[in-house]
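Visitor: Dumping the structure here so I can ask a few things about it.
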Amino acid sequence: MIDVTTLRDDAHGQVLLPGDDGFDAARGGFQLLDPHRPDAVLAAADDHDVHVAVAFAADRGVPLAVQATGHGRNAGLDGGLLLSTAALTGVRVDPDARTAWVSAGATWRQVIDATAPYGLAPVSGSFPALGAVSYTLGGGIGLLSRRYGFAADHVQQLDVVTADGQLRHATADTEPDLYWGLRGGGGNLGVVTGMRIGLLPVARVYGGSLAFDLDKDPGVPAGWWSWTRNLPDEMTSAVSMLRYPDLPMVPAGLRGRNIGKLQLCWCGPADEGERLIAPLRELGECVQDSVGELPYTESGAIFAEPERPHQYRSNPVLLPALDADRLDTLRAETAAEPVMCIVGIRHLGGAMARPPQVPNAVGHRDAEYLVSVLSPVDSDPAAVTAVHRRLIAPWQPDAVGRPLNFSFGPLAPDQVRAGFGDADGRRLAELRARFDPQHVLRPNHPVSAA
């Protein structure tokens, strides 16, 4: 245990110990598997508390982890101090400059709601409840990314407290190394208190999902893949495959069926979007069709991901291309697994393949597709991991890397290295040694351990 007397004296927010009301909620977050097990939690009330937490951990040589929403945690902190930034949710919009200042704990939902009145939108993720800063530090593949690139490409400034206790303003002109490494490097270099991002002139999109019964129409995933091979950048899409349980809470049209969903987001004129999407409806008999024009504030409905915290694991891979036969095998094997597996395949390329105006640490821009297998975990994480490894193995020889933002579970050093090219991985490790030589911070993806 650690003595938190001075921490309580210096902090504006609550300091929670095991057994205190709110301790378990603060350390849990959205990912309930392998929660943090800290000696204490500082629930930050303001940016001042970030300085306090970093200084406290550095002075005493105790490990420090940071959690906003807790979606992307890979392994829990054991001992030390957990800094919760969940209450730091401020968003300030400058509509004339088309920018927003986003505080450490703000979700994309809060950013979207703040920017929508001005007809503007961020490069947000498919799930609005995600933490905007943590998502962006990992690169950020969003609903508008084929048209506008990674979320990290739109960051203009980050305020970050490094392990020496300094507040640094990282821009292309000030702290350029930090600016490079924080945008896509995973946040290993300090604790970000906020970021200024560029916004896009997007108020409405044309999209939704088309659902098919894959037992009746097994060619849907391959048909989607063929359709993606010649698309304008304005179309971002994905396919997911899942055998839904035969349970009352599942919609009647999906219950007990092996479903393939095509998720679609077009950020051009609605009539052009409908023309492009129309061939997908010919792939089979739609059992559910939610495609239409919608305000960007409702963009979370496109993927309609579950909002209840739960336990899960995943295994993803980045690929230069897809193989139709292998894709059909993955469809069949997934449906036959006794473990519930959700296969998601996202179409990348477009603006994501092009370098940003100011280089950053986002890895593997040459990838055209992202394939992931995700499962809820009820009892045996090792058994789930083994199933995922078996399903992903046929794709592994062709992989160009690994998307760390989609990796949920403990990662070996070689898996962390796979998130970046060799030169960028070495540069990130050098920056980690420079800005946090004592390894005070315990990030989700410890690049320096690679």
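Visitor: Which one is most open to solvent (accessible area, probe 1.4 Å), of the residues in region 370-380 that are among the polar types (S, T, N, Q) and in contact (Cβ under 8 Å) with a residue 12 or more places away in the chain? Break it down into steps so the answer makes sense when it comes.
Guide: From region 370-380, those among the polar types (S, T, N, Q) are 372, 375, 379; that's our starting set.
Now drop any that are not in contact (Cβ under 8 Å) with a residue 12 or more places away in the chain, which leaves 372, 375.
Values: 372: 18, 375: 0 Å².
So, considering only residues that are among the polar types (S, T, N, Q) and in contact (Cβ under 8 Å) with a residue 12 or more places away in the chain, the one most open to solvent (accessible area, probe 1.4 Å) is 372.
Visitor: Can you tell me which residues in region 277-312 are modelled with pLDDT of 95 or more and charged (D, E, K, R)?
Guide: Listed by number, the residues that qualify are 281, 282, 285, 289, 293, 298.
Visitor: Working only within region 215-253, note down all residues that are surrounded by 18 or more Cβ atoms within 10 Å (Cβ to Cβ) and within 18 Å of residue 375 (Cβ to Cβ).
Guide: Those that are surrounded by 18 or more Cβ atoms within 10 Å (Cβ to Cβ) and within 18 Å of residue 375 (Cβ to Cβ): 238, 239, 240, 241, 242, 243.
Visitor: Mind counting the residues in region 12-56 that are assigned to a loop (DSSP other than H, G, I, E, B), over 12 Å from residue 87 (Cβ atoms) and more than 23 Å from the chain's Cα centre (by Cα)?
Guide: Keep residues of region 12-56 that are assigned to a loop (DSSP other than H, G, I, E, B), which gives 12-13, 17-22, 29-30, 32-36, 38-39, 44-46.
From the residues that got through so far, the ones that are over 12 Å from residue 87 (Cβ atoms) too are 17-21, 29-30, 32-36, 38-39.
So of that shortlist, the ones also more than 23 Å from the chain's Cα centre (by Cα) come out as 17-21, 38-39.
Total meeting the criteria: 7.
Visitor: Does residue 99 satisfy the condition of being among the polar types (S, T, N, Q), in contact with a strand residue (DSSP E or B) (Cβ under 6 Å, 6 or more places away or on another chain) and open to solvent by 20 Å² or more (accessible area, probe 1.4 Å)?
Guide: no
A quick yes/no check of all residues on (1) in contact (Cβ under 8 Å) with a residue 60 or more places away in the chain; (2) among the charged types (D, E, K, R); (3) under 18 Å from residue 210 (Cβ atoms):
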position	(1), (2), (3)
292	yes, no, yes
298	no, yes, yes
302	yes, no, yes
305	yes, yes, yes
309	yes, no, no
354	yes, yes, no
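Visitor: Please note which strands (runs of 3 or more DSSP E) are completely contained in region 132-246 and include at least 1 residues that are under 27 Å from residue 306 (Cβ atoms).
Guide: On the way: elements: 155-161, 167-170, 191-198, 204-213, 235-243.
Ranges flagged: 191-198, 204-213, 235-243.
Visitor: Still on this structure: From the set of residues in region 1-11 that are assigned to a loop (DSSP other than H, G, I, E, B) and open to solvent by less than 40 Å² (accessible area, probe 1.4 Å), which is farthest from residue 86 (Cα to Cα)?
Guide: Residues of region 1-11 assigned to a loop (DSSP other than H, G, I, E, B): 1-4, 11.
Narrowing the set further to residues that are open to solvent by less than 40 Å² (accessible area, probe 1.4 Å) leaves 2, 4, 11.
Numbers: 2: 23, 4: 20, 11: 15 Å.
Filtering region 1-11 for residues that are assigned to a loop (DSSP other than H, G, I, E, B) and open to solvent by less than 40 Å² (accessible area, probe 1.4 Å), the one farthest from residue 86 (Cα to Cα) comes out as 2.
Visitor: Looking at the structure I just gave you, is residue 153 among the acidic types (Asp, Glu), out of contact with any His (no Cβ under 8 Å at 6 or more places or on another chain), open to solvent by 10 Å² or more (accessible area, probe 1.4 Å) and more than 23 Å from residue 189 (Cα to Cα)? First the steps, then the outcome.
Guide: Working: among the acidic types (Asp, Glu): yes; out of contact with any His (no Cβ under 8 Å at 6 or more places or on another chain): yes; open to solvent by 10 Å² or more (accessible area, probe 1.4 Å): yes; more than 23 Å from residue 189 (Cα to Cα): no.
No; evaluated as a whole, the condition is false for this residue.
Visitor: Only one residue in 108, 101 is under 18 Å from the mean Cα position of the chain (by Cα) and either at pLDDT 95 or above or not charged (D, E, K, R) (or both), so which one is that?
Guide: Working: 101 fails: under 18 Å from the mean Cα position of the chain (by Cα).
Just a single option satisfies the conditions, and that option is 108.
Visitor: Pick from region 102-123 the residues that are among the small types (Gly, Ala, Ser) and under 15 Å from residue 297 (Cα atoms): which of them is least open to solvent (accessible area, probe 1.4 Å)? Lay out the reasoning, then the answer.
Guide: Going through region 102-123, the residues among the small types (Gly, Ala, Ser) turn out to be 103-106, 114, 116, 119, 121.
With under 15 Å from residue 297 (Cα atoms) added as a condition, the list becomes 114, 116, 119, 121.
On the way: 114: 30, 116: 40, 119: 26, 121: 0 Å².
The extreme case among them is 121.
Visitor: Something else: Give the residues of region 199-238 that are among the small types (Gly, Ala, Ser) and within 14 Å of residue 269 (Cβ to Cβ), sorted by residue number. Outline the logic, then answer.
Guide: So in region 199-238, the residues among the small types (Gly, Ala, Ser) come out as 203, 207-209, 211, 219, 222-223, 226, 237-238.
Those that are among the small types (Gly, Ala, Ser) and within 14 Å of residue 269 (Cβ to Cβ): 203, 207.
Visitor: Quick test for you: out of 86, 75, pick the one residue that is farther than 25 Å from residue 298 by Cβ and either open to solvent by 20 Å² or more (accessible area, probe 1.4 Å) or not in a loop (DSSP other than H, G, I, E, B) (or both). Before the answer, list the steps.
Guide: Details: 86 fails: farther than 25 Å from residue 298 by Cβ.
Residue meeting the stated conditions: 75.
Visitor: Please tell me if residue 126 is hydroxyl-bearing (Ser, Thr, Tyr), in contact (Cβ under 8 Å) with a residue 12 or more places away in the chain and surrounded by fewer than 24 Cβ atoms within 10 Å (Cβ to Cβ).
Guide: Working: hydroxyl-bearing (Ser, Thr, Tyr): yes; in contact (Cβ under 8 Å) with a residue 12 or more places away in the chain: yes; surrounded by fewer than 24 Cβ atoms within 10 Å (Cβ to Cβ): yes.
For residue 126, the condition - hydroxyl-bearing (Ser, Thr, Tyr), in contact (Cβ under 8 Å) with a residue 12 or more places away in the chain and surrounded by fewer than 24 Cβ atoms within 10 Å (Cβ to Cβ) - is met.
The values are calculated or read from the model by the stated rules, or taken from the named source; none is laboratory data. Here the structure is a predicted model, which means the values were calculated and not measured. Ideal geometry is used to build each Cβ from the backbone, glycine not excepted, and the neighbour counts take in all protein chains shown. Ligands, DNA and RNA are excluded from the accessible area calculation, which covers all protein heavy atoms including side chains. Shrake-Rupley method; radii C 1.70, N 1.55, O 1.52, S 1.80 Å.
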